[in-house]
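Student: Mind looking over this structure? Questions follow.
The values are calculated or read from the model by the stated rules, or taken from the named source; none is laboratory data. Computed from a predicted model, the values in this text were never measured in an experiment. Positions of Cβ are backbone-derived with ideal geometry, glycine not excepted, and every protein chain shown enters the neighbour counts.
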Amino acid sequence: MPLIVEPLAIPDVKLVTPPRFRDDRGFFSETYNAEAFKNAGINADFVQDNQSLSIKSGTVRGLHFQAPPFAQAKLVRVLRGRIRDVAVDARSASPTYGKWVSAELSAANGVQIFVPRGFLHGFVTREPDTEIAYKVDNYYSRECDGGVLWNDAELAIEWGLPVDAALLSGKDAQAQRFATFRTPF
């Protein structure tokens, strides 16, 4: 079974479904293979793996970005639980600037999302104790770290979550509005 790569409505954002080989013990899946990804048109050289645990359902992380020269592409997957993952096009010359796409990722479905450089990224957990792992193709820089308010009315992202039910970090709750965001991409 081959790796399945499907572009979303913003074609540079892709869903990646690696094959799972099942038997009575469970399954095996090769979640990343550099050659298979390059053959599928994903040309990111990942340099760092990150992992996060969100204890409560309704935890929102994002919308985050790393500005150049530390811009990052991400490959996100869920190890336990379920999320709605969101990518917002922040590339100034793009015809889809300010538009967003989303996908449901879960440990059960094994689907991953590839978010290229130049996008805002975030997710909301749909189950308690949701754990995600993601690869990035550049190192983190505090000086290049930024964010846009997750529920900005101008973006009108459908999170499937009432605003008063969102659990946010202080940083994410104070993020800038999209109208004041000056894209570095």
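Student: Looking for whichever is closer than 21 Å to residue 154 by Cα and either β-branched (Val, Ile, Thr) or in contact (Cβ under 8 Å) with a residue 24 or more places away in the chain (or both) here; the options are 85, 129. Which one fits?
Tutor: Details: 129 fails: closer than 21 Å to residue 154 by Cα.
One residue alone meets the criteria, 85.
Every residue, every condition in (1) crowded, with 17+ Cβ neighbours inside 10 Å; (2) within 20 Å of residue 10 (Cβ to Cβ); (3) among the hydroxyl-bearing types (Ser, Thr, Tyr); (4) modelled with pLDDT of 95 or more, yes or no:
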| residue | (1), (2), (3), (4) |
| --- | --- |
| 105 | yes, yes, no, yes |
| 120 | yes, yes, no, yes |
| 148 | yes, yes, no, yes |
| 159 | yes, yes, no, yes |
| 164 | no, no, no, no |
| 169 | no, no, yes, yes |
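Student: I'd like to know if the range 133-142 contains one or more residues that are free of Cβ contacts under 8 Å to residues at least 40 places away in the same chain and either surrounded by 14 or more Cβ atoms within 10 Å (Cβ to Cβ) or out of contact with any Ser or Thr (no Cβ under 8 Å at 6 or more places or on another chain) (or both).
Tutor: yes
Student: Determine whether the range 62-71 contains at least one residue that is closer than 16 Å to residue 137 by Cβ, modelled with pLDDT under 95 and small (Gly, Ala, Ser). Talk me through it step by step, then tell me what you get.
Tutor: Step one: filter the range 62-71 for residues closer than 16 Å to residue 137 by Cβ, giving 64-71.
Among the residues that remain, those that are also modelled with pLDDT under 95 are: none.
There is no residue in the range 62-71 that is closer than 16 Å to residue 137 by Cβ, modelled with pLDDT under 95 and small (Gly, Ala, Ser).
Student: Which of the strands (runs of 3 or more DSSP E) contained wholly in the range 39-143 include at least 3 residues that are within 25 Å of residue 3 (Cβ to Cβ)?
Tutor: Here the list reads 48-54, 74-80, 82-89, 100-106, 112-115, 119-125, 130-136.
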